[in-house]
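Colleague: Here it is, the structure in full.
The values are calculated or read from the model by the stated rules, or taken from the named source; none is laboratory data. Predicted model only: the values in this text are computed from it and were never measured. Cβ placement follows ideal geometry from the backbone for every residue including glycine, while neighbour counts extend to all protein chains displayed. Heads up: the accessible areas ignore ligands, DNA and RNA and are worked out on the full protein's heavy atoms, side chains in. Shrake-Rupley method; radii C 1.70, N 1.55, O 1.52, S 1.80 Å.
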Amino acid sequence: MASRAVNIAVVAGLLCAASAACGGSDDGSAGDGKRDGLTIAVRDDLPGIGLRTPDGRYRGFDIDVATYLAKRLGVAADDIEWKPTVPAERENVLTRGDADLVIATYSITPERKRKVDFVGPYFLAHQDLLVRAGDGSIDSAEDLNDKKLCSVTGSTSAQNVKNTLAPEADLQEFSSPSECLTGLENKAVDALTNDDAILAGFAARKESRGKFRLTGLGLSDEKYGVGVAKGQEELRADVTRALRKMVADGTWKRSVREHFGGAGYEAEAAPKLTETGTGG
């Protein structure tokens, strides 16, 4: 009898190894047990995207993406270590090993791909302008050439304006969009340029409604990706599967509606993933 029991156990073990029938999930969901925790670098100053609230919690679309990915990798929300970052530091937190992932309005560009890897894009934004509601003097990129324009240091928006769109604009760069917004409200600057999703988040705030308007110019395509350090192919594959699942099960669309609906901003459909991990 003992020998027969051992044989049954061996067969059962082999069957479990060949299928998902003995616990876990066969769709790549949480429970893979691959990680005890994750450090994720995010923005903490962008309403609708990534904002740290007074009680210390993080809210926004990028936060939803990060939390969903972590869950699919087997990491509970309480086990995520949030690491606030700014545009100029996003490559550095990966190359230094300070974060496992960067999910922080991180546009995929050829220059950045030489330093880090990406999975995505998970969102398609467009560079736009935010101006005062009563100001009708700015309706094109060329109108910026004799204006004071504010952008965030290290962002692709600032580079795009100065290099291509309005080389004669008086470009002023600050560390955060909130500083630019204060300058716009106080008439210290004439326009704020950034991605439309970011601008919509600020315009949708209760204290900002009616004060500003988006021009809707669509000055560039900004493909947000999940940043990963070079050589992390297993992690990239896991993130790829998780992003596909987030779109397929409707979570992506619900998060977009929740965080961007207040400003009348219409986000595009989830883009096709072009940067993926091997096997993802």
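Colleague: Residue-wise, which Karplus ³J(HN,Hα) couplings in Hz belong to the stretch 40-50, taking 6.51 cos²θ - 1.76 cosθ + 1.60, θ = phi - 60°, and x for glycine or proline?
Modeller: Using θ = phi - 60°, the values come out as 10, 7, 9, 7, 10, 10, 10, x, x, 10, x Hz.
Colleague: On to the next question. Gaussian network model of the chain, Cα springs within a sub-10 Å range: biggest mean-square fluctuation belongs to which of N145, N194, N186?
Modeller: N186
Colleague: When the chain is treated as a GNM, springs tying every alpha-carbon pair under 10 Å, which of A204, A41, A66 comes out with the largest mean-square fluctuation?
Modeller: A204
Colleague: A further question follows. Counting DSSP beta bridges in the stretch 96-233, what percent are antiparallel, to the nearest 5? Before the final figure, lay out the partial values.
Modeller: Working: 16 of 23 bridges.
Around 70 percent of the beta bridges assigned by DSSP in the stretch 96-233 are antiparallel ones.
Colleague: Would you mind listing how long the stretch 51-168 runs along its three principal axes, going by Cα atoms, in whole Å with the largest first?
Modeller: Result, largest extent first: 51, 36, 21 Å.
Colleague: If I histogram all Cα-Cα distances within the chain using bins 10 Å wide from 0, what percent of pairs lands in each bin?
Modeller: Once binned at 10 Å, the Cα pair distances of the chain give 6, 27, 31, 19, 8, 4, 2, 1, 0, 0.
Colleague: Nearest 5 percent is fine: what portion of the DSSP beta bridges confined to the chain is antiparallel? The partial results should precede the final answer.
Modeller: Numbers: 21 of 35 bridges.
That works out to approximately 60 percent antiparallel.
Colleague: Charges on Cβ only, +1 for Lys and Arg, -1 for Asp and Glu, centred on the Cα centroid of the chain; of S157, G227, S107, which one is farthest towards the dipole's positive end?
Modeller: Of the listed residues, the answer is G227.
Colleague: Using +1 at the Cβ of each Lys and Arg and -1 at the Cβ of each Asp and Glu in the stretch 108-262, identify which of L184, L217, Y122 lies farthest towards the dipole's positive end.
Modeller: Of the candidates, Y122 comes out farthest on the positive side.
Colleague: Do any trypsin sites (Lys or Arg not before Pro) in the stretch 234-278 lie in a DSSP loop with no more than 10 other beta carbon atoms within 10 Å, and if so, which? Kindly include the intermediate steps, with their values, before the conclusion.
Modeller: Details: sites: R236, R241, R244, K245, K253, R254, R257, K272; in loops: K272.
For trypsin sites (Lys or Arg not before Pro) across the stretch 234-278 that sit outside H, G, I, E and B with at most 10 neighbouring Cβ atoms in 10 Å, the list reads K272.
Colleague: Tell me, in nm to one decimal, what length is gained between E266 and T251 on full extension, where the rule is 0.36 nm per residue of separation less the Cα-Cα distance?
Modeller: Working: separation 15, 0.36 × 15 = 5.40 nm, distance 1.69 nm.
Going from the current span to full extension adds 3.7 nm.
Colleague: Further question: Among R132, R205, R59, which one shows the biggest mean-square fluctuation in a GNM of the chain, springs joining Cα atoms closer than 10 Å?
Modeller: In this elastic network of the chain, the residue with the biggest mean-square fluctuation among R132, R205, R59 is R205.
Colleague: Using a probe radius of 1.4 Å on heavy atoms only, what accessible surface per residue do you get for the chain? Whole Å² is fine.
Modeller: Details: 13380 Å² over 280 residues.
Roughly 48 Å² per residue, with all protein chains present.
Colleague: Given the alpha-carbon gyration tensor of the stretch 199-280, what are the semi-axes of its equivalent ellipsoid in whole angstrom, ordered largest first, with each equal to the square root of 5 times an eigenvalue? Display every interim value, and only then the final one.
Modeller: On the way: eigenvalues 192, 42, 26 Å².
Equivalent-ellipsoid dimensions as semi-axes: 31, 14, 11 Å.
Colleague: Turning to a different aspect of this structure: How large is ³J(HN,Hα), in whole Hz, for each residue of the stretch 175-180 in order, when computed from phi with the Karplus curve 6.51 cos²θ - 1.76 cosθ + 1.60 and θ = phi - 60°, using x for Gly and Pro?
Modeller: Rounded to whole hertz, the list is 7, 8, x, 5, 5, 5.
Colleague: Sequence gap of 8 or more, or different chains, plus Cα separation below 24 Å: how many lysine pairs satisfy both in the stretch 179-279?
Modeller: 11
Colleague: Here's a follow-up. Could you tell me the extents of the stretch 83-136's C-alpha atoms along the three principal axes, largest first, rounded to whole Å?
Modeller: Each principal axis gives a Cα extent; for the stretch 83-136 these are 46, 21, 18 Å.
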